[in-house]
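**Q** Just passing along the structure, written as C-alpha coordinates.
The values are calculated or read from the model by the stated rules, or taken from the named source; none is laboratory data. Remember, predicted model here, so these are calculated numbers, not experimental data. Here the Cβ positions follow ideal geometry from the backbone for every residue, glycine too, while neighbour counts run over all protein chains shown.
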Amino acid sequence: MAEAKSPAARPLSPHLTIYRPMLTMMMSIAHRITGAALYAGSILLAWWLLAAASGPNAYAAFQSVASSFIGRIVLFGYTWALIHHMLGGVRHLIWDTGRGFGAAEREWLARANLVGSIALTIILWVVGGYLMGGLR
(Lines give C-alpha, C1' and ligand atoms only; values in the text may rest on other atoms or scores of the structure.)
Protein backbone atom coordinates (compact mmCIF):
# COMPACT_ATOMS: atom_id res chain seq x y z
CA MET A 1 0.00 0.00 0.00
CA ALA A 2 1.34 3.46 -0.87
CA GLU A 3 2.11 5.78 1.97
CA ALA A 4 0.43 9.19 2.04
CA LYS A 5 2.87 12.10 1.89
CA SER A 6 2.58 14.88 4.38
CA PRO A 7 1.26 18.21 2.98
CA ALA A 8 4.62 19.87 3.69
CA ALA A 9 6.39 17.44 1.33
CA ARG A 10 4.19 18.32 -1.64
CA PRO A 11 5.51 20.87 -4.14
CA LEU A 12 3.86 24.27 -4.04
CA SER A 13 2.41 25.88 -7.12
CA PRO A 14 4.14 29.05 -8.27
CA HIS A 15 2.48 32.20 -6.99
CA LEU A 16 2.22 35.71 -8.37
CA THR A 17 5.04 36.80 -6.08
CA ILE A 18 7.45 34.52 -7.97
CA TYR A 19 6.69 35.79 -11.47
CA ARG A 20 7.67 39.22 -12.75
CA PRO A 21 4.58 40.89 -14.26
CA MET A 22 4.76 40.92 -18.05
CA LEU A 23 2.59 42.71 -20.59
CA THR A 24 1.07 39.47 -21.85
CA MET A 25 0.13 38.53 -18.28
CA MET A 26 -1.48 41.93 -17.72
CA MET A 27 -3.38 41.66 -21.01
CA SER A 28 -4.77 38.31 -19.92
CA ILE A 29 -5.98 39.85 -16.68
CA ALA A 30 -7.38 42.88 -18.56
CA HIS A 31 -9.21 40.54 -20.95
CA ARG A 32 -10.95 38.86 -18.02
CA ILE A 33 -11.78 42.21 -16.38
CA THR A 34 -13.21 43.65 -19.60
CA GLY A 35 -15.32 40.52 -20.02
CA ALA A 36 -16.80 41.07 -16.58
CA ALA A 37 -17.28 44.79 -17.32
CA LEU A 38 -19.12 43.96 -20.53
CA TYR A 39 -21.35 41.57 -18.64
CA ALA A 40 -22.22 44.32 -16.14
CA GLY A 41 -22.39 46.97 -18.87
CA SER A 42 -25.03 45.02 -20.76
CA ILE A 43 -27.42 46.37 -18.13
CA LEU A 44 -26.84 49.80 -19.68
CA LEU A 45 -27.70 48.45 -23.10
CA ALA A 46 -30.88 46.84 -21.75
CA TRP A 47 -31.83 50.08 -19.99
CA TRP A 48 -31.32 52.04 -23.23
CA LEU A 49 -33.48 49.60 -25.22
CA LEU A 50 -36.21 49.55 -22.58
CA ALA A 51 -36.19 53.33 -22.36
CA ALA A 52 -36.44 53.65 -26.14
CA ALA A 53 -39.38 51.23 -26.18
CA SER A 54 -41.13 52.82 -23.20
CA GLY A 55 -41.63 56.28 -24.61
CA PRO A 56 -40.19 59.79 -24.65
CA ASN A 57 -40.18 60.34 -20.87
CA ALA A 58 -38.27 57.14 -20.12
CA TYR A 59 -35.83 57.87 -22.93
CA ALA A 60 -35.30 61.42 -21.69
CA ALA A 61 -34.45 60.03 -18.24
CA PHE A 62 -31.89 57.67 -19.77
CA GLN A 63 -30.51 60.43 -21.97
CA SER A 64 -30.02 62.77 -19.02
CA VAL A 65 -28.02 60.10 -17.15
CA ALA A 66 -26.02 59.04 -20.21
CA SER A 67 -25.16 62.62 -21.20
CA SER A 68 -23.92 63.60 -17.75
CA PHE A 69 -20.17 63.76 -17.07
CA ILE A 70 -20.18 60.49 -15.12
CA GLY A 71 -22.44 58.87 -17.71
CA ARG A 72 -20.05 59.76 -20.51
CA ILE A 73 -17.09 58.38 -18.58
CA VAL A 74 -18.99 55.12 -18.03
CA LEU A 75 -19.98 54.94 -21.71
CA PHE A 76 -16.41 55.72 -22.80
CA GLY A 77 -15.12 52.96 -20.51
CA TYR A 78 -17.76 50.57 -21.83
CA THR A 79 -16.71 51.38 -25.39
CA TRP A 80 -13.05 50.77 -24.53
CA ALA A 81 -13.88 47.49 -22.77
CA LEU A 82 -15.87 46.32 -25.78
CA ILE A 83 -13.10 47.12 -28.26
CA HIS A 84 -10.33 45.80 -25.99
CA HIS A 85 -12.18 42.53 -25.41
CA MET A 86 -12.87 42.19 -29.14
CA LEU A 87 -9.20 42.72 -30.04
CA GLY A 88 -8.23 40.23 -27.34
CA GLY A 89 -10.56 37.75 -29.03
CA VAL A 90 -8.84 38.43 -32.35
CA ARG A 91 -5.49 37.79 -30.64
CA HIS A 92 -6.79 34.47 -29.35
CA LEU A 93 -8.13 33.65 -32.82
CA ILE A 94 -4.66 34.21 -34.24
CA TRP A 95 -3.27 31.87 -31.59
CA ASP A 96 -5.92 29.28 -32.51
CA THR A 97 -4.39 29.14 -35.99
CA GLY A 98 -1.04 28.17 -34.43
CA ARG A 99 0.61 31.52 -35.11
CA GLY A 100 1.97 34.22 -32.82
CA PHE A 101 3.46 32.03 -30.10
CA GLY A 102 7.02 33.33 -30.38
CA ALA A 103 8.19 35.74 -27.70
CA ALA A 104 8.34 38.70 -30.10
CA GLU A 105 4.96 37.90 -31.65
CA ARG A 106 3.25 37.52 -28.27
CA GLU A 107 4.65 40.87 -27.12
CA TRP A 108 3.67 42.56 -30.38
CA LEU A 109 0.11 41.21 -30.23
CA ALA A 110 -0.26 42.37 -26.61
CA ARG A 111 0.98 45.87 -27.49
CA ALA A 112 -1.24 45.99 -30.58
CA ASN A 113 -4.22 44.98 -28.45
CA LEU A 114 -3.59 47.77 -25.95
CA VAL A 115 -2.68 50.52 -28.40
CA GLY A 116 -5.36 49.48 -30.87
CA SER A 117 -8.12 49.46 -28.27
CA ILE A 118 -7.20 52.93 -27.01
CA ALA A 119 -6.81 54.37 -30.52
CA LEU A 120 -10.01 52.80 -31.88
CA THR A 121 -12.01 53.99 -28.87
CA ILE A 122 -10.81 57.57 -29.30
CA ILE A 123 -11.41 57.46 -33.06
CA LEU A 124 -14.90 56.03 -32.55
CA TRP A 125 -15.82 58.73 -30.04
CA VAL A 126 -14.38 61.56 -32.16
CA VAL A 127 -16.09 60.37 -35.36
CA GLY A 128 -19.32 59.59 -33.50
CA GLY A 129 -19.26 62.97 -31.80
CA TYR A 130 -18.59 64.73 -35.10
CA LEU A 131 -21.41 62.88 -36.87
CA MET A 132 -23.82 63.67 -34.02
CA GLY A 133 -23.06 67.38 -34.19
CA GLY A 134 -20.20 67.57 -31.72
CA LEU A 135 -19.77 66.35 -28.17
CA ARG A 136 -21.82 68.62 -25.94
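**Q** Between Gly41, Gly100, Gly116, Gly77, which is surrounded by 14 or more Cβ atoms within 10 Å (Cβ to Cβ) and assigned to a loop (DSSP other than H, G, I, E, B)?
**A** Gly100
**Q** Condition test on Ala110, is it touching a helix residue (DSSP H, G or I) at 6+ places or on another chain (Cβ under 9 Å), small (Gly, Ala, Ser) and either assigned to a loop (DSSP other than H, G, I, E, B) or touching a residue at least 60 places away in the same chain (Cβ under 8 Å) (or both)?
**A** yes
**Q** So which of Thr121, Thr97 ends up being in contact (Cβ under 8 Å) with a residue 40 or more places away in the chain and more than 17 Å from Thr24 (Cα to Cα)?
**A** Thr121
**Q** It is to be established whether one or more residues within the stretch 48-67 are touching a residue at least 12 places away in the same chain (Cβ under 8 Å), within 24 Å of Asn113 (Cβ to Cβ) and surrounded by 13 or more Cβ atoms within 10 Å (Cβ to Cβ).
**A** Scanning the stretch 48-67 turns up no residue that is touching a residue at least 12 places away in the same chain (Cβ under 8 Å), within 24 Å of Asn113 (Cβ to Cβ) and surrounded by 13 or more Cβ atoms within 10 Å (Cβ to Cβ).
**Q** Out of Arg72, Arg91, Arg106, Arg111, report the one residue that is over 24 Å from Pro21 (Cα atoms), basic (Lys, Arg) and surrounded by 13 or more Cβ atoms within 10 Å (Cβ to Cβ).
**A** Arg72
**Q** In addition: Could you say which residue among Gly129, Gly100, Gly77 is at pLDDT below 95 and on the phi < 0 side of the Ramachandran plot?
**A** It is Gly129.
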